[in-house]
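The values are calculated or read from the model by the stated rules, or taken from the named source; none is laboratory data. Everything quoted here is computed from the prediction, not taken from an experiment. Here the Cβ positions follow ideal geometry from the backbone for every residue, glycine too, while neighbour counts run over all protein chains shown. For accessibility, only protein heavy atoms count, side chains too; no ligands or nucleic acids. Shrake-Rupley method; radii C 1.70, N 1.55, O 1.52, S 1.80 Å.
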Amino acid sequence: CGRHYGGVWATCVYGGGNAGEQLRKLSWGSHIVAATPGRLMDFADKGDISFERTTYFVLDEADRMLDMEGFQGDVDTISKQIRPERQVLFFSA
């Protein structure tokens, strides 16, 4: 992640990675952010990021994540912060 392909910026945000480096890449602006819910919530709780301009919320492996303890709450919290005219997509293998 963090690459520029044909005018589209993508950034990865995940626990265990260097949070400072991830925030630096996010500060450049991103069209696509691939993230784990926990790290995304950490950044949002500290005011480092905002979901106000989010148009699409995609959850991969939705069935597995929503069955795990803690993920449902994070997904609900993120979803409530995204603007109402969003598109939400859930995928499962």
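In this entry, residue 76 passes the filter for residues that are on the phi < 0 side of the Ramachandran plot, open to solvent by less than 90 Å² (accessible area, probe 1.4 Å), charged (D, E, K, R) and not in a loop (DSSP other than H, G, I, E, B). In the range 62-73, what residues are open to solvent by 60 Å² or more (accessible area, probe 1.4 Å) and closer than 24 Å to residue 30 by Cβ? Listed by number, the list is empty, since nothing qualifies. Out of curiosity, is residue 83 open to solvent by 60 Å² or more (accessible area, probe 1.4 Å), out of contact with any Lys or Arg (no Cβ under 6 Å at 6 or more places or on another chain) and closer than 18 Å to residue 13 by Cα? The answer is no for residue 83. Against the condition open to solvent by 50 Å² or more (accessible area, probe 1.4 Å) and among the polar types (S, T, N, Q), how does residue 22 come out, does it pass? Criteria not met by residue 22.
I'd like the full set of residues that are among the hydrophobic types (A, V, I, L, M, F, W, C) and under 20 Å from residue 33 (Cα atoms), limited to the range 61-84. Residues satisfying the conditions are 62, 65, 66, 71, 75, 78, 82. With respect to residue 33, is the statement that it is assigned to a strand (DSSP E or B) and either in contact with an Asp or Glu (Cβ under 9 Å, 6 or more places away or on another chain) or surrounded by 15 or more Cβ atoms within 10 Å (Cβ to Cβ) (or both) true? Here the answer is yes, as residue 33 does meet what is asked. When the range 36-56 is filtered for residues that are in a helix (DSSP H, G or I) and either without any contact (Cβ under 8 Å) to a residue 12 or more places away in the chain or open to solvent by less than 70 Å² (accessible area, probe 1.4 Å) (or both), the ones remaining, listed by number, are 37, 38, 39, 40, 41, 43, 44, 45.
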